[in-house]
């Protein structure tokens with residue numbers, strides 16, 4: 001979007017793009033509360049290439065770890081075919097193995113009061 005303002009030749013207004021990742025229904029509650037996008041904003045259902053494109057092109061990734069299973073993640077095989085049970089594991093694996101994605105990712109967990117708290121030192125490995 002280009003907006004012309006008096007005294008300026010061209011001023012471009014940029015909006016930061018924020019992508020939410022996480023599990024199930026809580027993903028959509030998390031995204032709605034914070035005005036983040038989810039895969040539903042650019043894809044019908046899970047589309048690995050579209051999600052990867054979004055992960056790379058969005059300014060920030062907000063990963064809701066509520067309900068995320070570290071034991072299941074430890075068993076994730078990135079060379080195996082993806083199924084609906086592994087989508088979130090694939091997202092986490094992709095972020096943890098790409099320094100550029102990891103740098104722009106903020107991890108959260110849902111608190112008992114329903115708010116989402118930032119986890120300053122999160123790892124799916126321990």
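What follows draws every value from the coordinates through simple rules; no lab data is involved. Predicted model, so just to flag it, every value in this text is computed and none were measured.
Brief remarks follow.
- Degrees, to the nearest 10: 24-34 long Cα axis against longest axis of the chain: 30
- Matching the structure-derived Cα extents along the principal axes in Å against the labelled list [x] 51, 30, 25; [y] 47, 36, 29; [z] 59, 36, 28 gives the label [z].
- For the chain, a Gaussian network of Cα nodes joined below 10 Å ranks 21, 101, 52 by mean-square fluctuation, and the top entry is 52.
- Once the Cα atoms are used to define both axes, helix 48-57 deviates from the longest principal axis of the chain by about 50 degrees.
- GNM top mover of 71, 61, 51 - the chain, alpha-carbon springs below 10 Å: 71
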